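Data block below; observations after.
The values are calculated or read from the model by the stated rules, or taken from the named source; none is laboratory data. Worth saying up front: this structure is predicted, and the values here are computed from it rather than measured. Using ideal geometry, Cβ is built from the backbone for each residue, glycine included, and neighbour counts are taken over all protein chains shown. Remember, those area values only see protein heavy atoms, side chains included, never the ligands or the DNA or RNA. Shrake-Rupley method; radii C 1.70, N 1.55, O 1.52, S 1.80 Å.
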Amino acid sequence: MTARHLWVRADRAADRAAHVATLDLPPLLARVDAHHNLRGPYSAAGALLRAVGPTLFARHPDLAARHNIEVATAAPELAALVPSPWSSMEWTVSTEERTRFYSRLHTLNIANGLADLLRAALDAPATLVIDNAHHADPTDQEFIAVLLRRADLPNLRLVVCTGTAELEDPKGELPLSLKEILPAHTTALDAPPVPDAPYLSYVDSDGTEDDPRSLADYRSLSAEHRAALHDARRAELVAIGEKSLELGAIPFHAERGATPGTAPLLTAMDHCRKVGLYQAAIDFGVRGRAAVDRERDPELWWHFTEGASTAMASVGRAEEAEEIYHEARAASADPVVHMNLAYGSAMLYARHFPAERRDFQRARGWMNLSIALADQLGDPKERAFHSVFSRNGLALVEVRQGRPAEAMRLLEEGMARLDADLSPDEHPLHRSVLRYNRAQVNAMTGKVEEALADYQAVAALDPDFPEHHFHVASMLRKLGRDEEALEAFERVLPLSPPFPEVHYNLGDTRLALGDAEGALAEFTKVLELDPTHPEARLSRAELRCDLGDHAGALRDVEAGLAQSPGNPMLRCVQATALAEAGNPDRAREVAESVTADHPDCAQAWAIRARLEYEAGDLPRALADFDESVRLLDAPEVRYNRALVLEETGDYDRAAQDYREVLARTEDEDARDRLAHCLSLT
């Protein structure tokens, strides 16, 4: 089957553009260039926002408010058009005090938020052409992959243009791979060469021109001439005054000018690290380390080193971070540098290395060194902060080693020490982090009320941080306070780009409150954001089956089994849907195959028992219900077994099953059936 989206391949942009012009496509929404030299992260997504955003936000200010984080991150020059997204506590403290950063999945959530925004902007079919995807920053690669795999953008026709070489994925852990998604969701077209196509100057194109003649012209110039051209182009770009240029073309030209400096790289690295663009922060940090003279400016070299290595650890490049740590230890005798290196090394062994390389004893050793060095700092307040900070890291190691009581002691001692040694307005973010971590330990050890109190306290202190409300809602659900939980989950939505977990939990909560249609909408939203989400796929299949949408349930089962072949719970839904759709023989085949492959699946035995009961085979139905109850003593299975027992005349056993059901539920039918059985014994 031909895919709706297109992939146009040629080694020159001119050839790709000429071929796209011959295609029969819907009206053009925008043509954008994804080359990272232009504006670094979100070169393509930012260009799209600059093209459609001002008009769209003027018509729909609610979209500007809902997607403010996505807009201000991908196109920072448009930040004035949206409410400020930087309102939670980490933005109110100094850079030195910041101890909380975004998850590595933050950019995936941004990409999904941008896709939601694009869907709202498209009220008719339109074409988006993205060129130079093979030179895109990882953020744009992720954005393109999201647009390709989302099935809820029917008005979008995407044309992705690349060279002919095999695509390369960025280093590190990837939630999505454009290299894999692009061929799976597009029809590939090879563009023929265009004779004598015009080309741009290499410098004027900001290093994006891919015609070999342009690069040959550039290399024919003297070094002084090339540097002068880069300086002039940089001055032009600086005069434009757009922030995203500081993340791409401006540092590109600064590195090649007459007097290369590190200031543009430093600005770019610090910005990208702050807003969660870690792959770009790594790139700028590595370039900065190479440019700075370590002997002449060790502080600046360390700043680039620390920024690059921390970002590497955040995106699954822990081995590279470790190599940088080894180099830094050999290069510095500064105790503060070694304190930070020890902390970073501990985090590698405790959380960032792959599971097979994690070593909590080594993590403990490095963290104890960090504590020892922190305790030697001369300034009392610095000593208090860093000592508590490192002990907070040790608490993480204690948790990972299954010692929550020791972790709790470290956290509570740290909270008390900050209260004693610092004034109340100092380090508010880290105080909230300690309390948040105490809540995490309490939740882990089943102290739900205590965890809820701490989560509510930090949510009150930092009401614009979405994660706090998510955890408040999760604790409320555990306590059975579903209406309050629903409210808390809904508070997350305007504070964050969309992410699957909050919508899944909203769906689960709505279902518990009896709102089946609302739950269905939430599970559908999860699958828009992440079509591979296994829990949402199963939950939607079950719910569709319950609502009588057997065809929809079977489609979900098929999609789920493509991801997880043989999944017993999906096959149980399949059997139920087939039975209720009038195909009991096929349903029985499926149920029997599940009991054969997964004999410990209680639900499969119950489904098979129900089918046997409906076919009139009471002995087999009773035997299968017995097996299901043995494996998982569910009230609904006992109720159904009791019905079979009644039909066989075993009223004593049936009455006992009804009593068990009533001990755990308020089932009035079970109460009536119990009375009936007792009247017959």
Quick one: is residue 340 modelled with pLDDT of 95 or more and either over 31 Å from the mean Cα position of the chain (by Cα) or among the basic types (Lys, Arg) (or both)?
no
In this structure, is residue 443 without any contact (Cβ under 8 Å) to a residue 60 or more places away in the chain and either open to solvent by less than 10 Å² (accessible area, probe 1.4 Å) or out of contact with any helix residue (DSSP H, G or I) (no Cβ under 9 Å at 6 or more places or on another chain) (or both)?
no
Could we say that residue 398 is acidic (Asp, Glu), under 26 Å from residue 345 (Cβ atoms), open to solvent by less than 60 Å² (accessible area, probe 1.4 Å) and in a helix (DSSP H, G or I) here?
yes
So which of 538, 527, 513 is free of Cβ contacts under 8 Å to residues at least 60 places away in the same chain and open to solvent by 60 Å² or more (accessible area, probe 1.4 Å)?
513
With the requirement that a residue be basic (Lys, Arg) and part of a loop (DSSP other than H, G, I, E, B), what does the range 243-263 give you?
256
Pick from the range 52-70, criterion within 27 Å of the chain's Cα centre (by Cα) and among the hydrophobic types (A, V, I, L, M, F, W, C), ranking: surrounded by the fewest Cβ atoms within 10 Å (Cβ to Cβ):
65
Would you point out which residue out of 32, 71, 52 is within 22 Å of residue 207 (Cβ to Cβ) and of a type in the set (Val, Ile, Thr)?
32
Within the range 360-383, is there a residue that is open to solvent by less than 60 Å² (accessible area, probe 1.4 Å), among the small types (Gly, Ala, Ser), at pLDDT below 95 and farther than 20 Å from residue 455 by Cβ?
no
Kindly check whether there is at least one residue in the range 294-312 that is of a type in the set (A, V, I, L, M, F, W, C), farther than 30 Å from residue 363 by Cα and over 28 Å from the mean Cα position of the chain (by Cα).
no
Going by the structure shown, is residue 390 under 29 Å from residue 358 (Cα atoms) and in contact (Cβ under 8 Å) with a residue 60 or more places away in the chain?
no
Kindly indicate whether any position in the range 233-243 is buried (at least 20 other Cβ atoms within 10 Å of the Cβ), of a type in the set (Lys, Arg), out of contact with any strand residue (DSSP E or B) (no Cβ under 9 Å at 6 or more places or on another chain) and more than 24 Å from residue 101 (Cα to Cα).
yes
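Conditions tested, residue by residue: (1) open to solvent by 20 Å² or more (accessible area, probe 1.4 Å); (2) under 12 Å from residue 606 (Cβ atoms); (3) of a type outside the set (S, T, N, Q).
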| site | (1), (2), (3) |
| --- | --- |
| 624 | no, yes, yes |
| 628 | no, yes, no |
| 644 | no, yes, yes |
| 650 | yes, no, yes |
| 658 | no, no, yes |
| 667 | yes, no, yes |
| 670 | no, no, yes |
| 678 | yes, no, yes |
| 681 | yes, no, no |
Say we look at the range 172-188 and pick out the residues that are in contact (Cβ under 8 Å) with a residue 40 or more places away in the chain, touching a helix residue (DSSP H, G or I) at 6+ places or on another chain (Cβ under 9 Å) and surrounded by fewer than 18 Cβ atoms within 10 Å (Cβ to Cβ); which of these is farthest from residue 110 (Cα to Cα)?
188
Report, ordered by the first and then the second residue, all pairs with beta carbons closer than 7 Å, sequence separation of six or more or different chains, a first member in the range 27-46 that is farther than 18 Å from residue 210 by Cβ and in contact (Cβ under 8 Å) with a residue 24 or more places away in the chain, and a second member that is outside any helix (DSSP H, G or I) and of a type in the set (Ser, Thr, Tyr).
27/127; 28/127; 29/127
